[in-house]
1. Among the residues of segment 205-215, which ones are β-branched (V, I, T) and within 17 Å of Y240 (Cβ to Cβ)?
2. Determine whether segment 181-202 contains at least one residue that is touching a Pro at 6+ places or on another chain (Cβ under 7 Å), of a type in the set (A, V, I, L, M) and open to solvent by 50 Å² or more (accessible area, probe 1.4 Å).
3. For P300, indicate whether it is under 21 Å from D324 (Cα atoms) and assigned to a loop (DSSP other than H, G, I, E, B).
4. Which of (1) assigned to a loop (DSSP other than H, G, I, E, B); (2) modelled with pLDDT of 95 or more; (3) of a type outside the set (S, T, Y); (4) surrounded by fewer than 19 Cβ atoms within 10 Å (Cβ to Cβ) does A155 not meet, given it meets every other one?
5. From the residues in segment 310-341 that are in a loop (DSSP other than H, G, I, E, B) and of a type in the set (D, E, K, R), which one is most open to solvent (accessible area, probe 1.4 Å)?
6. Determine whether segment 220-240 contains at least one residue that is within 15 Å of E277 (Cβ to Cβ), aromatic (F, W, Y), surrounded by 14 or more Cβ atoms within 10 Å (Cβ to Cβ) and without any contact (Cβ under 8 Å) to a residue 60 or more places away in the chain.
7. What are the pairs, 6+ residues apart or on separate chains, where a residue within segment 33-61 that is closer than 21 Å to E310 by Cβ has its Cβ under 6 Å from a residue that is of a type in the set (V, I, T) and surrounded by fewer than 24 Cβ atoms within 10 Å (Cβ to Cβ)?
8. In the list S126, S115, which residue meets the criterion of being in a strand (DSSP E or B), among the hydroxyl-bearing types (S, T, Y) and either exposed (fewer than 14 other Cβ atoms within 10 Å of the Cβ) or modelled with pLDDT under 95 (or both)?
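The values are calculated or read from the model by the stated rules, or taken from the named source; none is laboratory data. Computed from a prediction, not measured in an experiment: that's the story for all the values here. With ideal geometry, Cβ positions are generated from the backbone for all residues, glycine too; neighbour counts draw on all protein chains shown. Side chains included, ligands, DNA and RNA excluded: accessible areas come from the protein's heavy atoms. Shrake-Rupley method; radii C 1.70, N 1.55, O 1.52, S 1.80 Å.
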Amino acid sequence: MLLGFGAKNFCCFREGVDISMEFGPTCPKSISKEKPVTNLLCVKGANGSGKTNIIKIIAFLKHFCCHSFNNKPDEEIYISSFFSNNDPIELFCRFIINGVKYKYELCLDKDKVISEVITKTIKRESTIFKREGNKLTSCIKDFSGLKKIKLRKNASVISTANQYDNDQTQNIYKFFESITTNVCMIGKTGYDIDYNTVSELYKQNKDIFKKAINIISKSDLGVTNIHINKREDEEGTTFYYPVFTHDANDVKHSLLTYHFESTGTQLLFKTLPYYLETLKQGGILAIDEFDSDLHPHILPKITALFENEETNPNNAQMIFSTHDSSILDHMGKYRTVLVNKESSESYAYRLDEIPGEIIRNDRSLTSIYDSGKLGGVPKL
């Protein structure tokens, strides 16, 4: 599970940002459910405040740790510092695998990795490996195989080790690979999977398809069932496509194809595999503007999937940004991060970090947030 993450001199975060997923000792058990780490984290803020850049931290770490070896040897690292200054960029994340706590720290610029360190904590913290430039300066015995790989200035140790079929870092590699996001360094990418591909995925995975139908049919969209059909073009290529069943007045089985459905229905059809596959694998889903084109009443249905132990037996996590304020009352101060910006520089804080009595567990957050007392709203 992800315990926390952050960055310094990254995009709009000059002085740094540290986001914690851990509840802490002051969180009531009624909220934490006696779990030390949350499965959900909401990111709120005004347009341009830096919400997407919070998600970008996770997206970059996933890409760099899993796919940076695919870059050409002299290719520039695609990352942005605060207003393109020349100071190093720092990123980190804390996570837990099989009861062992890890911390990954990365320092780099557009040209090269300056340092890369992974530590683990069982009874005390110890360094697994430390990389400075293209040299591995320290490495514990259990990871000695890393000494045999040739490092490149624009690729992570973890991505490189995976290319060398080094199994000593596989658990760490799989952790980063379990991250799914709709964000890259240029911003929100959307869901670049077409409905034909999603239809084929549903056809091949009946369990996920059944769950998706259940969610869509219970979201008051007028859909009672979905069928996946197929056709072949003139060249013999097979395409899969959905047909949606509606009960219109007393006429049952009124059928509509994908393009005649609402934008909200289309979005749910295309995105539910991301949610359901993350829940199945116990991964991390980092979604920017996940409420786009969805009614606010549907949002709690999706977040509930990650809160319920029956639908989330593998402790999957979701981090999401949203413009919907009503969800604040559901998420509460221990699971909500606000992002603000002053003089083009962003900073973020979890609501339980705000001192005083303005936020209480028995008080609605929505009205306080809308009043601007907490920050994270546009100054109009």
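1. I208, I213 - these are the residues of segment 205-215 that are β-branched (V, I, T) and within 17 Å of Y240 (Cβ to Cβ).
2. The answer is yes, given that some residue of segment 181-202 is touching a Pro at 6+ places or on another chain (Cβ under 7 Å), of a type in the set (A, V, I, L, M) and open to solvent by 50 Å² or more (accessible area, probe 1.4 Å).
3. no
4. Answer for A155: the failing condition is (4).
5. Top of the filtered list is E310.
6. No; the residues of segment 220-240 include none that is within 15 Å of E277 (Cβ to Cβ), aromatic (F, W, Y), surrounded by 14 or more Cβ atoms within 10 Å (Cβ to Cβ) and without any contact (Cβ under 8 Å) to a residue 60 or more places away in the chain.
7. Between residues of segment 33-61 that are closer than 21 Å to E310 by Cβ and residues that are of a type in the set (V, I, T) and surrounded by fewer than 24 Cβ atoms within 10 Å (Cβ to Cβ), the close pairs are L40/T303.
8. Every option except S126 fails the conditions.
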